[in-house]
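The values are calculated or read from the model by the stated rules, or taken from the named source; none is laboratory data. Keep in mind that what you see is a predicted model, and the values were worked out from it rather than measured. Glycine also receives a Cβ, built like all others from the backbone with ideal geometry; neighbour counts cover every protein chain displayed. To get the accessible areas, we keep the full protein, side chains included, count just its heavy atoms, and leave off ligands, DNA and RNA. Shrake-Rupley method; radii C 1.70, N 1.55, O 1.52, S 1.80 Å.
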Amino acid sequence: MIQITLPDGSRREFAAPVTVAEVAQAIGAGLAKAALAGKVDGRLVDASAVIGRDATLAIVTARDAEGLELIRHSTAHLLAYAVKTLFPDAQVTIGPVIENGFYYDFSYKRPFTPEDLQAIESKMTELAAKDEPVVRRVLPRDEAVAYFKGLGEHYKAEIIAGIPADQAVSLYREGAFEDLCRGPHVPSTGRLKHFKLMKVAGAYWRGDHRNEMLQRIYGTAWASKEELRDYLHRLEEAEKRDHRRLGRELDLFHIDEHSPGTVFWHPRGWVVWQQVEQYMRRVYQDNGYREVKGPQILDKSLWEQTGHWDKYRENMFTTESEKRDFALKPMNCPGHILIYKQGVKSYRDLPLRYGEFGACHRNEPSGGLHGIMRVRAFTQDDGHIFCTEEQIQAEVTAFTALLQKVYKDFGFTDIIYKLSTRPEKRIGSDESWDRAEHALAEGLRASGCAFDYLPGEGAFYGPKIEYTLKDALGRPWQCGTIQVDPNMPERLGAEYVGEDGNRHGPILLHRAIVGSLERFIGILIEQHAGALPVWLAPVQAVVTGITDAQADYVQNVAKMLRNQGFRVETDLRNEKITYKIREHSLQKLPYILVAGDREKEAGAVAVRARGGRDLGVMPLEAFSQRILQEIAAKV
């Protein structure tokens, strides 16, 4: 008898070897219909896999993460099947699962068009409706190479030829199409119902620019129609919120090929930048940070001491002067340590907190640049805390509370906390790692934060906490961090005199809240779809008249509001008021103030709030109080 133990601890006995699908059928018809695969003793296998001994078994359905990945992987094969059906001369290469979907790379004599994508998707739907079984078979490596060469699939043959000769390979067939794959897959194509092809892009074979440029078709697949619909809706919303488009439409910034990977801030965009920077500067001042400023260019010898010259040089911009090599700083920490080292420090001086809006440069590959989200020149809200080992926990707790307040003020309340622990290759004793990891964990617990561990993801010198915020579309953005580093102070000779009169190396806590200001402003633009809250908006109100008769009054209203510190513009153009209101609404201004003869006589304005809300006529003092309250409340 073969005994199968299920996740709930119950057992099923079978007189002979049994497939995963047969076990599901024995449990119930509903489960048999939903079963996509199985996990036998923790290993994912096809539903057709035979179990010939006592084992544990979990039936995998579309509700499971593994099930959704199977759907996406199998849909990639369905895509290749459809392409080969419509374009027999196309050669298939690889088709992996990626976040939210899949892609497949093809070699074909001409570019695929949008019309081709529509035809391919229709063919996929047609093939899925046939509900053809997906069948696995195994071949010796050389036989598989010969098989795919015979089909004219030279890329597949090349992939298989790279596998050791003594290894067999598995193939999966559905209808007229057979593909190399280690699997597993869904039982039949009928399980693939909710998918959409998204776009086609170029990709070099094996990621090498010296090889042929292939065509990569991207797609998405989901377990239900509702999930697919929701995902496409999120994409549509993300497109509306794209910071690159909004930056152009709202005249905030632009990226120019004369300086790739850097940002040209326009007047309105620079106002937003200043609001973020000045807010963070007040955070520094109110929480015990001393603001410093280090140089942009530092000698090669310093970067050799820190280890960056050997390990990070290809990402650094370098220059030479008077036969000395220099580098633009990619981070601020070495400069802060040099500032710390000026003068003798005592244990009484610790914790010592430095903050800098430090401009950094990193030679990111051009293909990785993305608007203002990923650039080569950026400014960080960089902070470094010099402390003793015993002070780490309290600093982490205080920092976490501060980060939560900052994120809340910017409109983010959903934060994910992750603690990255020691990697396999590291420096320092296990005891010091134990203490550092414990301090970070207790610092989070004292802040009331539930968190996950990321085993092995810490830096080689110490553990770290990553703070990831979620935006209005549920997208995660890792911005904040605090990292324990005893290594760099030691490398650069930073010390303090302890209570025992001896010299000790301080612990350095690298910390950032918003991280790159450029990236954070991009996140803010997308979070608010360009409609920034009043306290951040580059223009808080525009004042306009109905006719030229109100021009002087409009100017006086704007001057009075500006004198109170508000960011106000005027619109005295000879245009219809409806036209001006519509145009300023498209600019997502928080308030449009309209003055006609009646408002002029009453010393008031007609107030229209963003979103087309008509708030009626208000005395100027009442409007001032309203906007002051909104700014103070950060709404």
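Brief remarks follow.
- Cross-link partners of K311 among lysines, defined as those whose alpha carbon lies under 18 angstrom from its own and excluding same-chain residues fewer than eight positions apart: K300, K329, K425.
- Among the DSSP helices (H) of the chain, those spanning at least 30 angstrom by Cα along their long axis with an average Kyte-Doolittle hydropathy of 0.0 or more are 65-86; this is a geometric and hydropathy rule only.
- Using every pair of separate Cα atoms, the Kirkwood estimate puts the hydrodynamic radius of the stretch 361-437 at 16.2 angstrom.
- Solvent-free Debye calculation, one equal scatterer per alpha-carbon of the stretch 420-561: log10 I(q)/I(0) at 0.18 Å⁻¹ equals -1.11.
- The relative contact order of the stretch 392-539 comes to 21 percent, based on Cα pairs under 8 Å that sit 6 or more residues apart.
- Quarter of Cα convex hull surface for the stretch 302-382, i.e. mean projection, nm²: 7.3 nm²
- Across the options L628, A595, V605, the greatest Cα extent toward the positive end of the charge dipole of the stretch 587-630 (unit charges at beta carbon of Lys, Arg, Asp, Glu) belongs to L628.
- Fully extending the segment from D310 to D131, taken as 0.36 nm per residue of separation minus the present Cα-Cα distance, adds 58.8 nm.
- Low-density loop cleavage sites - trypsin sites (Lys or Arg not before Pro) in the stretch 133-205, where at most 14 other Cβ are within 10 Å (DSSP): R182
- Positive end of the dipole of the chain (Cβ unit charges, origin at the Cα centre): among T379, A157, G38, the Cα lying farthest that way belongs to T379.
- Rolling a 1.4 Å probe over the protein heavy atoms leaves L589 with an accessible area of roughly 10 Å².
- About the Cα centre, charge dipole magnitude for the chain (Lys/Arg +1, Asp/Glu -1 at Cβ), debye: 880 debye
- Ordering I507, L492, G480 by Cα displacement along the dipole of the stretch 474-519 toward the positive end leaves G480 in first place; charges were set at the Cβ atoms of Lys, Arg (+1) and Asp, Glu (-1).
- Nearby lysines by direct alpha-carbon distance to K156 (threshold 16 angstrom, same-chain neighbours under 8 apart not counted): K84
- Too-long pairs where the Cα-Cα distance tops 24 Å, listed order kept, from K559/K588; K130/K196; K293/K588; K199/K240; K576/K600: K293/K588
- Cleavage-rule hits, trypsin sites (Lys or Arg not before Pro), the stretch 327-424, DSSP coil, Cβ neighbours within 10 Å at most 16: K341
- Excluding ligands, DNA and RNA, the accessible surface per residue across the chain is 48 Å² with a 1.4 Å probe.
- In this label model, E390 and I427 are separated by 2.6 nm, measuring between points 7 Å along each Cα→Cβ vector.
- Exposure rank, largest accessible area first [H438, H584; 1.4 Å]: H438, H584
- Here the contact order of the stretch 1-61, divided by its residue count and restricted to Cα pairs under 8 Å and six or more residues apart, works out to 39 percent.
- Relative pair counts by distance (%), Cα atoms of the stretch 572-621, 10 Å bins: 25, 54, 21
- Values of log10 I(q)/I(0), in the order q = 0.14, 0.20 Å⁻¹, for the stretch 195-284 under a Debye, Cα-only, solvent-free model: -0.87, -0.99
- Calculated over the chain, the projected area of the Cα convex hull averaged across directions stands at 39.1 nm².
- Rolling a 1.4 Å probe over the protein heavy atoms leaves V617 with an accessible area of roughly 90 Å².
- Helices in the chain, meaning DSSP H runs of at least 4 residues, each add -39500 (n - 2.57). Divided by all residues, the mean residue ellipticity at 222 nm is -11000 deg cm²/dmol.
- Carbon + sulfur, % of accessible area of the stretch 367-424 - ligands and nucleic acids excluded, 1.4 Å: 47 percent
- Computed magnitude of the charge dipole of the stretch 252-328 (debye, nearest 20; Cβ of K, R +1, Cβ of D, E -1): 320 debye
- What the Cα atoms of the stretch 139-251 give is an Rg and a Dmax of 19.8, 62 Å.
- Alpha-carbon centroids, the stretch 56-88 and the stretch 184-238: separation in whole Å: 11 Å
- Derived value for the stretch 529-575: Kirkwood hydrodynamic radius 11.4 Å. Basis is the mean of 1/r over every pair of different alpha-carbon atoms.
- S346-D286 FRET efficiency (beta carbon distance; Förster radius 25 Å; 0.05 resolution): 0.50
- Filtered GluC sites (Glu not before Pro), the stretch 443-550: DSSP coil and at most 14 other beta carbons within 10 Å: E499
- Counting only DSSP beta bridges with both residues in the chain, the antiparallel share comes to about 85 percent.
- Potential lengthening between I2 and A176 on full extension [0.36 nm per residue; Cα-Cα distance subtracted]: 59.0 nm
- Computed over the chain: relative contact order in percent, which uses C-alpha pairs under 8 Å that are six or more apart: 9 percent
- Note on the stretch 34-153: Cα Rg divided by 2.2 N^0.38 Å, N the number of residues, gives 1.23.
- Building the convex hull from the alpha-carbon atoms of the stretch 356-488 and averaging its projection over directions returns 9.3 nm².
- Only protein heavy atoms count here; under a 1.4 Å probe, M488 has an accessible surface of about 20 Å².
- When a 1.4 Å probe is rolled over the protein heavy atoms, the share of accessible surface on the stretch 518-635 that falls to carbon and sulfur comes to 51 percent.
- Per residue, the convex hull around the alpha carbon atoms of the stretch 511-622 comes to 115 Å³.
- Inter-part distance where the stretch 304-361 and the stretch 449-525 are each reduced to a Cα centre, Å: 16 Å
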